[in-house]
Amino acid sequence: MSKLIVRGQYLAPVTPFGRDGSLMLDAFAEIIEWHVACGVDGFLVAGDNGEAWALTADELGQVVATAVATAKGRVPVFAGTGAITAAATIVLSEIAAEAGADGLCVTPQSYLLNATLAEVAARYAAVAKAVPLPVMVYNNPARTGVDVTPDILAAICDVAPVVAVKEATGNFVHLTKIIEAFGDRIGVLAGSGHYIVPALELGAAGYLSTAPELFGARARGLMELDKLGSAEKRDLHFRVTRIFEVLMWTGTRPAAYKAAINMIGLPGGYPREPVEPLSPAEEETVRRILDQCGVFEEEASRRRVS
């Protein structure tokens, strides 16, 4: 198997649900196609934005299969398959592999709120042995309680075919150390919107975060920072940061992001229980920030690409 190169703009799309909680696969395919047409470099489906916790195992397979069938090999599709135990993670990983996923996105064990280096490495080793697909390590200690330090990431790389890490600690010192230690080995992806511009300037391979994709094809400019002056970079950084913050802290995630996807003309649908949609006042807050940051400036950024 040739090594999958992870670089550029990766995206964690929403999983559209109807008001009754039904899975809307046609809407999901439309979202995937729109993002591919806008120039995205890869996907992580069934991630946090995709409400992975609300999907059954069968639905995970349907979501992955739909993304793979829609992408048609134009970009890779990673599937979020993390669960508390390695055994449960392997089951989900096997389902994703059967559905055609190009790679797996695996978190350290969650809920326990701590784990030793040996325990984390053993988890990734077990998954890699059972399902030998390329692995993206997802470091989000706010969700898992486990911070993937450079030492832990090195241990994971020793036992699993790691091709990327999504860094969502919110700690820029930590991200700096990961870029320095692993930037020439795997694709280091900035996972927090307010760190995208500085991370790319430091040599990160790309980003996997929420906010830039709302600009549609214009988001490609983030991967061409060398063409921008310092004032333009600052402006871009400020706008992405404002959008990221309003999407992360309005309502319960990913309700605000789903609302934003609907606002740009895509069928984001509703969150699934236990997450509630935004209130009208919250929606207005999100719309105002998107408008102020230029998301609605061009009609083309709101059209569905067919």
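One way to sum up the overall shape of the range 1-73 is the equivalent ellipsoid from its Cα gyration tensor, whose semi-axes run 22, 14, 11 Å, largest first. What the Cα convex hull of the range 164-271 gives, in volume per residue, is 106 Å³. Taking other C-beta atoms within 10 Å as the exposure proxy, 112, 104 rank 112, 104 from fewest upward. Counting neighbouring Cβ atoms within 10 Å and putting the fewest first, the residues 290, 202 line up as 202, 290. Placing a label point 7 Å from the Cα of residue 249 along the Cα-to-Cβ line, no residue of the range 31-67 has its backbone N under 19 Å from it.
Fully extending the segment from residue 98 to residue 53, taken as 0.36 nm per residue of separation minus the present Cα-Cα distance, adds 14.2 nm. Centroid-to-centroid, using Cα positions, the range 113-141 and the range 34-91 are 18 Å apart.
At the listed q of 0.10 Å⁻¹, the Debye profile of the chain, built from one uniform point per Cα, gives log10 I(q)/I(0) equal to -0.50.
Considering only alpha-carbon pairs that sit under 8 angstrom and 6 or more positions apart, the relative contact order computed for the range 8-227 is 17 percent.
Given +1 at the Cβ of Lys and Arg, -1 at the Cβ of Asp and Glu and no other charges, the dipole of the range 8-227 around its Cα centre is 180 debye to the nearest 20.
Of all the C-alpha pairs in the range 72-217, what % are more than 23 Å from each other? Value for the range 72-217: 32 percent of Cα pairs lie more than 23 Å apart. Its Cα gyration tensor gives the range 231-295 an equivalent ellipsoid, and the semi-axes of that ellipsoid, as √(5λ) in whole Å with the largest first, are 23, 11, 10. The fewest-to-most ranking of 166, 227, 177, 129 by surrounding Cβ atoms within 10 Å reads 227, 129, 177, 166.
Where a number appears in this text, it was derived from the coordinates with a stated rule and is not lab data. Predicted model only: the values in this text are computed from it and were never measured. Neighbour counts are summed over all protein chains in view; Cβ atoms, including those assigned to glycine, are modelled from backbone coordinates with ideal geometry.
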